[in-house]
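See structure below.
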Amino acid sequence: MSNCDDAQKLMKFAKLGRIAGPALIVIDGVFRAKSVIENYNSNDPSWKREAVVQSVGFTAGMAAGVVIGAAIAFSPIGLVAGVVVGGAAAIGADIGVKVVAEKIYDWFKTRS
């Protein structure tokens, strides 16, 4: 930090992150649950697959975002970069893991 103003800006950013972060996580979870519930209510037989894929993607995205974001936030790069890169890692992990989970689910489904 070069001065007190930078420290105050960083504190405001951290406060915003403590509020916005959990809110965005809840919103993401609600949209995922809504997708599964809509499939279930429309008697779509793939609702179980959707539930598994969304759950695995949500968990993997959260884990990747936390681990990578925290590692970068405590590095010389800083908190802002940690949040941005951690968020990108969470999105990437979510997408990648969902594709793999779909393939694994379908493989087990064909075996039963």
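Pick from Arg49, Arg32, Arg18: which residue has the top mean-square fluctuation in a GNM of the chain where Cα pairs under 10 Å get a spring? Greatest mean-square fluctuation among the candidates belongs to Arg18. Oblate is the label for the chain. Its Cα gyration tensor axes, ordered a ≥ b ≥ c, give a/c of at least 1.5 and b/c at or above a/b.
What FRET efficiency comes out for Phe31 versus Asp5 if R0 is 35 angstrom and r is the Cβ-Cβ distance? Round to the nearest 0.05. Don't jump to the answer; show the numbers that get you there.
Values: r = 38 Å, r/R0 = 1.07.
FRET efficiency, Phe31 to Asp5: 0.40.
Estimated purely from DSSP H runs of n ≥ 4, each contributing -39500 (n - 2.57), the mean residue ellipticity at 222 nm for the chain is -32000 deg cm²/dmol once divided by its residues.
Counting only heavy atoms of the protein chains and using a 1.4 Å probe, Phe108 has close to 120 Å² of accessible surface.
The values are calculated or read from the model by the stated rules, or taken from the named source; none is laboratory data. These numbers come from a predicted model, not from an experiment. As a convention, Cβ positions derive from the backbone with ideal geometry for all residues, glycine included, and neighbour counts pool all protein chains shown. Only protein heavy atoms, including side chains, enter the accessible area calculation; ligands, DNA and RNA are left aside. Shrake-Rupley method; radii C 1.70, N 1.55, O 1.52, S 1.80 Å.
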